[in-house]
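Novice: The structure is given below, and queries will be raised subsequently.
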Amino acid sequence: MTIKLLFKYALPTRFLGHPFKISSRFICSDNNLDKLVDPQLRFPENNEYFPQQENKLKESSFSVQDLGFLQDSILGSSKTEPKTGKFPDNDAFLVINAIKNSNDGFGETTDKSLRQFRQKLNPVLVVDVLRNIHNLELGVKFFKWVGRQIGYVHNVSVYDALLDAIGCGVNNGLPEHFVHDIGKDDKEVLGKLLNVLIRKCCKNGLWYLALEELERLKDFGYKPSGVTYNALVQVFLQVNRLETASLIYKEMSELNFKMDKLTINSFTRLLCKVGKWREALDLIDKEEFVPDTVIYTNMISGLCEGSFFEEAMNFLNLMRTISCIPNRVTYQVFLCALLNRRKLGRVKRVLNLMISEGCYPGQKIFNSLVHAYCRSGDYLYAYKLLKKMDGCGCQPGYVVYNILIGGICGNEELPSKDVLELAENVYGEMLTAGLVLNKVNVVNFARCLCACGKYEDAFSVIKEMMSKGFVPDASTYSKVIGFLCNASKVDKAFLLFQEMKRNGVVPDVYTYTILIDSFCKSGLIQQACNWFNEMIEKGCTPNVVTYTAIIHAYLKQRKISDANELFESMLMQGCIPNVVTFTALIDGYCKAGHTEKACQIYARMKGSLDTPEVDLYFKVELDDGNKEPSVVTYGAMVDGLCKAHKVKEARNILDVMLAEGCEPNHIVYDALIDGFCKVGKLDDAQEIFAKMSECGYSPSVYTYSSLIDRLFKDKRLDLAVRVLSKMLESSCPPNVVIYTEMVDGLCKVGKIDEAYKLMLMMEEKGCHPNVVTYTAMIDGFGKAGKVNKCLELIERMGNKGCAPNYITYSVAIKHCCAAGLLDEALQLLEEMKQISWPKHRASHLKVIEGFRREYLISLGLLEDMSNQNFLPIIPVYRVLIDSYQKAGRLEFAVELLKEISSSSPFPHLDKKIYSSLIECLSVSNKIDLAFELYADMIKKGAVPELTDFVNLVKVNTSTTALIIHKARFLFYDT
């Protein structure tokens with residue numbers, strides 16, 4: 001096939017006039033390995049295919065002397081000023097001046113002016129003239145004139161400079177008039193020029209233009225050189241036109257030209273890439289080329305690029321059989337290709353083989369390997385690679401440690417316990433090495449630690465990194481504070497916030513808002529308000545989320561006037577409420593017990609009610625997006641109505657949602673199921689349960705908890721067990737709340753042994769009983785008359801790190817008293833006073849969390865708490881006093897009464913306690929003690945009953961006069 005035909009079939013019309021730029025290709029693409037791959041692993045770039053280009057670069061490389069002009073310029077020297085006033089003082093510019101000053105179009109005057117430079121003529125000088133003459137006609141004439149001078153011969157760099165001056169080889173070929181002009185002067189020079197032009201086109205990726213010039217070269221009767229053929233083969237290989245390259249090679253071989261090493265490397269590589277590795281080996285034999293490590297490495301790279309990994313492995317074995325040992329580059333090429341294709345199983349084989357032969361990867365390859373295995377989730381092997389670096393003489397650095405910890409902690413899904421422990425070990429090694437985490441990994445690592453309950457560790461990560469010179473910015477602080485707040489560790493969040501300010505980092509609105517919101521949710525509204533005032537003083541404008549958090553907190557504490565005042569302030573500041581604000585209002589009013597007000601706000605949002613009672617919240621005209629209820633709004637309404645036992649209205653809300661195309665979420669369904677269960681409508685709860693499943697929502701622990709609780713209350717143990725079985729089948733493990741409900745339910749129906757076995761089992765399953773669980777079990781044992789087991793459980797609680805609270809002690813004391821174990825009861829009271837006596841009302845409210853209201857009422861622990869200083873501990877003393885009284889140990893009973901009366905106002909003390917004791921003391925002839933109690937009642941402002949006085953005088957006659965005498969003085973005193 002002739003070159004003309006080749007040109008005809010190889011030149012698609014869409015490429016005519018459009019140069020196809022070829023860029024260098026690397027073995028490892030950085031978009032896959034995030035620029036972690038060793039940059040030394042690459043094929044030769046385009047200029048390496050052309051030896052003449054290499055010579056040109058050597059000739060034009062910089063030296064220290066060449067930088068002299070820069071030094072002179074900086075020092076203000078005038079040495080670079082040209083003598084002519086136009087050009088620097090060197091031969092090239094002198095020649096240019098001579099040509100231009102002759103002004104005869106390269107006639108005799110010019111010839112005479114240039115004679116002085118004949119002995120200085122050399123390719124470097126000629127190239128300088130051609131590049132700086134800036135006159136194409138004069139440049140071409142100078143080129144021809146130089147070529148006629150005796151002793152001078154053009155080289156490749158001169159031809160290249162002429163073509164650059166003409167503008168050839170970039171977008172177009174050599175103009176026809178230049179061809180004829182140069183050809184008339186010297187045909188040999190024209191042939192060489194066309195050869196260089198073809199190679200230049202190839203270098204620039206203009207394969208179609210190269211073919212055009214090749215045809216013109218042959219039309220003029222010239223032969224392409226071997227270098228030209230090599231360049232042509234190269235350019236077609238670069239654009240993956242293997243068939244065209246093969247045809248050119250065939251013609252080249254017929255003219256007895258051989259491929260150079262670079263061309264053979266490229267040819268064999270492309271053959272391997274398309275799976276023709278046998279033809280590649282045949283080509284090496286035909287060219288009588290002795291294969292070496294470089295060519296085999298390139299062939300392995302081609303096979304890998306074509307996904308022929310098994311053949312690539314065979315080539316590794318072939319290299320050893322012919323004593324051509326794979327080197328580090330060979331293995332790294334193979335490894336990078338496998339990494340790019342995610343062939344991590346093969347990577348292990350190649351890596352082990354590489355290291356066994358004493359050929360170790362570089363640090364960047366190790367980084368890439370660790371990165372790849374982290375991305376695949378094989379963190380343990382990634383860690384093994386990190387440890388292997390030391391043995392390979394490659395010290396693990398900052399990058400690889402961050403890659404591993406970032407790989408473990410940087411995913412949206414939290415790591416498992418074992419994997420997080422691995423990250424902690426790596427972090428410890430990192431600290432030992434004196435290295436630090438980067439900003440992103442500090443945040444991600446702290447997030448994972450917080451999620452696993454390791455708040456102290458998360459806090460220390462920030463502190464440790466700061467000691468290493470890492471200064472977190474506001475964003476980093478805010479995110480970690482957010483993690484701590486979400487985990488209800490507001491104390492740690494507060495300390496970190498203080499640390500933030502001490503380090504001069506200015507909190508932003510996000511930082512303040514997350515703290516304010518978290519403290520509001522914890523009931524610490526005063527501190528939240530302090531921060532709110534502080535952020536305003538600091539010029540940090542609160543946003544709608546900030547205002548909403550405090551308004552919501554005020555409403556939950558029934559501080560409605562404060563909430564309304566803040567809402568008006570928000571409007572005055574130009575902060576427009578949104579659907580989240582209105583949802584918070586609805587939820588807040590529901591939790592404050594004002595369900596009717598919440599319904600009015602909801603109705604106003606829906607536009608179905610126009611009542612002046614909620615005008616305050618709708619003063620500003622809002623767009624539909626800000627007042628249209630969301631699924632969260634509906635959820636707040638449903639939850640509030642259910643908690644108010646208005647389950648029918650809550651069910652209507654669900655129907656409205658479905659009618660308006662607002663799909664309920666699992667929170668809405670859970671609230672409804674819980675509401676129906678609370679009012680005993682189990683059939684309705686089951687109906688909602690079925691609807692929830694039909695909509696694709698899996699029941700949550702909360703859902704099952706509501707059902708199991710109702711079933712135990714209804715004494716439907718069989719159904720409770722079936723629900724529990726379904727829960728386990730759904731891979732929804734019970735939590736401590738459900739276990740506690742079951743323990744409590746079993747105790748209530750008298751199945752104490754089963755309840756205790758269940759509590760032991762929950763520990764075995766890794767779900768540790770809490771104080772509510774233990775209290776339920778203690779109460780169960782007590783009601784079954786097994787008081788010794790109650791005392792054993794209290795001791796067991798201490799050993800397990802679960803401190804009994806005053807409710808636990810109250811239950812145990814009650815049962816000890818009932819069993820006549822008064823000394824044990826008194827000892828429990830002393831323990832309670834030392835370790836779990838609620839000192840403040842807020843701490844009391846925290847203690848009763850988790851206990852059912854009905855249960856606390858049955859214990860007498862929910863008396864009137866309108867007095868902020870009162871704590872419901874009197875029922876405990878009442879039980880003890882009554883028990884000691886019945887046992888005839890009246891002195892102990894009196895001491896207990898004096899103790900409690902000194903710490904509580906009398907209106908909250910039961911007068912019956914006094915009356916009963918006075919009666920017993922009188923009967924026992926302990927008149928002085930009885931009279932002291934009688935006097936104490938009067939001093940505390942109480943009006944004794946007539947029966948109290950009667951009890952005092954119901955004694956023998958000898959003491960009656962004394963009693964009347966004492967009473968007379970007492971009445972006079974009061």
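Novice: Residue by residue through region 335-378, note down the ones that are aromatic (Phe, Trp, Tyr) and open to solvent by less than 10 Å² (accessible area, probe 1.4 Å).
Specialist: Matches in region 335-378: PHE366, TYR373.
Novice: I've got another one for you. Tell me whether region 443-452 contains one or more residues that are within 12 Å of the chain's Cα centre (by Cα), open to solvent by less than 50 Å² (accessible area, probe 1.4 Å) and among the polar types (S, T, N, Q).
Specialist: Yes, region 443-452 has at least one match.
Novice: Select the helices (runs of 4 or more DSSP H) contained entirely in region 774-839, then report the ones holding at least 2 residues which are among the charged types (D, E, K, R).
Specialist: 787-799, 822-835
Novice: Looking for something of a type in the set (Asp, Glu) and buried (at least 16 other Cβ atoms within 10 Å of the Cβ) - is there at least one such residue anywhere in region 746-754?
Specialist: No, there is no match, as no residue in region 746-754 is of a type in the set (Asp, Glu) and buried (at least 16 other Cβ atoms within 10 Å of the Cβ).
Novice: Does TYR702 fit the bill of being hydroxyl-bearing (Ser, Thr, Tyr), open to solvent by 30 Å² or more (accessible area, probe 1.4 Å) and either in contact (Cβ under 8 Å) with a residue 12 or more places away in the chain or on the phi > 0 side of the Ramachandran plot (or both)?
Specialist: Judged against the criteria, TYR702 is a match.
Novice: Restrict the check to region 312-323 and report whether at least one residue is among the polar types (S, T, N, Q) and buried (at least 16 other Cβ atoms within 10 Å of the Cβ).
Specialist: no
Novice: I'm trying to understand the selection: among the residues of region 467-486, which are over 15 Å from ARG447 (Cα atoms), hydrophobic (A, V, I, L, M, F, W, C) and either in a helix (DSSP H, G or I) or open to solvent by 50 Å² or more (accessible area, probe 1.4 Å) (or both)?
Specialist: Across region 467-486, the qualifying residues are VAL471, ALA474.
Novice: Please go through region 124-135 and give me each residue that is assigned to a helix (DSSP H, G or I) and either open to solvent by less than 10 Å² (accessible area, probe 1.4 Å) or touching a Phe, Trp or Tyr at 6+ places or on another chain (Cβ under 9 Å) (or both), ordered by number.
Specialist: LEU125, VAL126, ASP128, VAL129, LEU130, ASN132
Novice: Please find, within region 324-334, the residue that is nearest to SER301 (Cα to Cα) out of those that are open to solvent by less than 10 Å² (accessible area, probe 1.4 Å) and either touching a residue at least 60 places away in the same chain (Cβ under 8 Å) or out of contact with any helix residue (DSSP H, G or I) (no Cβ under 8 Å at 6 or more places or on another chain) (or both).
Specialist: VAL333
Novice: Also, I was wondering about something else. With respect to VAL737, is the statement that it is closer than 17 Å to ASP709 by Cβ and either open to solvent by less than 50 Å² (accessible area, probe 1.4 Å) or out of contact with any Cys (no Cβ under 8 Å at 6 or more places or on another chain) (or both) true?
Specialist: So VAL737 fits the description; yes.
Novice: Then there is this: Can you confirm whether ASN171 is more than 19 Å from PHE106 (Cβ to Cβ), modelled with pLDDT of 75 or more and open to solvent by 10 Å² or more (accessible area, probe 1.4 Å)?
Specialist: So ASN171 fails the test.
Novice: Condition first: at pLDDT 80 or above, in a helix (DSSP H, G or I), touching a Leu at 6+ places or on another chain (Cβ under 9 Å) and under 30 Å from ARG199 (Cα atoms). Can you find one or more residues in region 113-122 that meet it?
Specialist: No, region 113-122 contains no residue that is at pLDDT 80 or above, in a helix (DSSP H, G or I), touching a Leu at 6+ places or on another chain (Cβ under 9 Å) and under 30 Å from ARG199 (Cα atoms).
Novice: Residues to consider are ALA603, ALA644, ALA598; find the one that is open to solvent by less than 10 Å² (accessible area, probe 1.4 Å) and of a type in the set (Gly, Ala, Ser).
Specialist: Step by step, each of ALA603, ALA644, ALA598 is checked, and only ALA598 is open to solvent by less than 10 Å² (accessible area, probe 1.4 Å) and of a type in the set (Gly, Ala, Ser).
Residue-wise test of (1) aliphatic (A, V, I, L, M); (2) over 27 Å from ASP587 (Cα atoms); (3) surrounded by 15 or more Cβ atoms within 10 Å (Cβ to Cβ); (4) without any contact (Cβ under 8 Å) to a residue 24 or more places away in the chain.
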position	(1), (2), (3), (4)
GLY504	no, yes, no, yes
TYR510	no, no, yes, no
THR513	no, no, yes, no
TRP531	no, no, yes, yes
CYS540	no, yes, yes, no
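Novice: Which condition number does LEU422 fail, the rest of (1) open to solvent by 20 Å² or more (accessible area, probe 1.4 Å); (2) closer than 22 Å to GLN332 by Cα; (3) in a helix (DSSP H, G or I) being met?
Specialist: Going through (1) open to solvent by 20 Å² or more (accessible area, probe 1.4 Å); (2) closer than 22 Å to GLN332 by Cα; (3) in a helix (DSSP H, G or I) one by one, LEU422 breaks only (2).
Novice: Further, regarding this structure: Restricting to region 233-266, count the residues that are open to solvent by 10 Å² or more (accessible area, probe 1.4 Å), in a helix (DSSP H, G or I) and not polar (S, T, N, Q).
Specialist: Looking only at that region, the number is 9.
Novice: Now for a separate question. Evaluate region 606-613: report whether one residue or more is touching a Phe, Trp or Tyr at 6+ places or on another chain (Cβ under 7 Å) and under 27 Å from VAL668 (Cα atoms).
Specialist: no
Novice: So, in region 206-222, of the ones that are outside any helix (DSSP H, G or I) and in contact with a Gly (Cβ under 8 Å, 6 or more places away or on another chain), which residue ends up nearest to ALA280 (Cα to Cα)?
Specialist: Restricting to residues being outside any helix (DSSP H, G or I) and in contact with a Gly (Cβ under 8 Å, 6 or more places away or on another chain), the top hit is LEU206.
Novice: Need the failing condition index for VAL614 against (1) modelled with pLDDT under 85; (2) in a helix (DSSP H, G or I); (3) over 20 Å from LYS556 (Cβ atoms); (4) more than 33 Å from the chain's Cα centre (by Cα), just the number.
Specialist: Only one criterion in (1) modelled with pLDDT under 85; (2) in a helix (DSSP H, G or I); (3) over 20 Å from LYS556 (Cβ atoms); (4) more than 33 Å from the chain's Cα centre (by Cα) is unmet by VAL614, namely (3).
Novice: Which one of LEU338, LEU380, LEU369, LEU385 is modelled with pLDDT of 90 or more, out of contact with any Ser or Thr (no Cβ under 9 Å at 6 or more places or on another chain) and part of a helix (DSSP H, G or I)?
Specialist: Result of the check over LEU338, LEU380, LEU369, LEU385: LEU380.
Novice: Now a separate question. Please go through (1) under 19 Å from ILE708 (Cβ atoms); (2) modelled with pLDDT under 90 for ASN799 and return the number of the only condition it doesn't satisfy.
Specialist: In the conditions (1) under 19 Å from ILE708 (Cβ atoms); (2) modelled with pLDDT under 90, ASN799 misses (1) alone.
Novice: Taking ARG841, is it within 28 Å of GLY523 (Cβ to Cβ), open to solvent by 50 Å² or more (accessible area, probe 1.4 Å) and at pLDDT below 90?
Specialist: Here the answer is yes, as ARG841 does meet what is asked.
Novice: Do the conditions hold for LYS439, that is, is it without any contact (Cβ under 8 Å) to a residue 60 or more places away in the chain, more than 30 Å from PHE308 (Cα to Cα) and of a type in the set (D, E, K, R)?
Specialist: Spelling it out, LYS439 is indeed without any contact (Cβ under 8 Å) to a residue 60 or more places away in the chain, more than 30 Å from PHE308 (Cα to Cα) and of a type in the set (D, E, K, R).
The values are calculated or read from the model by the stated rules, or taken from the named source; none is laboratory data. Keep in mind the model is a prediction, meaning the values are calculated, not measured. So basically every Cβ, Gly included, is an ideal-geometry build from the backbone, and we count neighbours across all protein chains shown. In case anyone asks, the SASA skips ligands and DNA or RNA and just uses the protein heavy atoms, side chains included. Shrake-Rupley method; radii C 1.70, N 1.55, O 1.52, S 1.80 Å.
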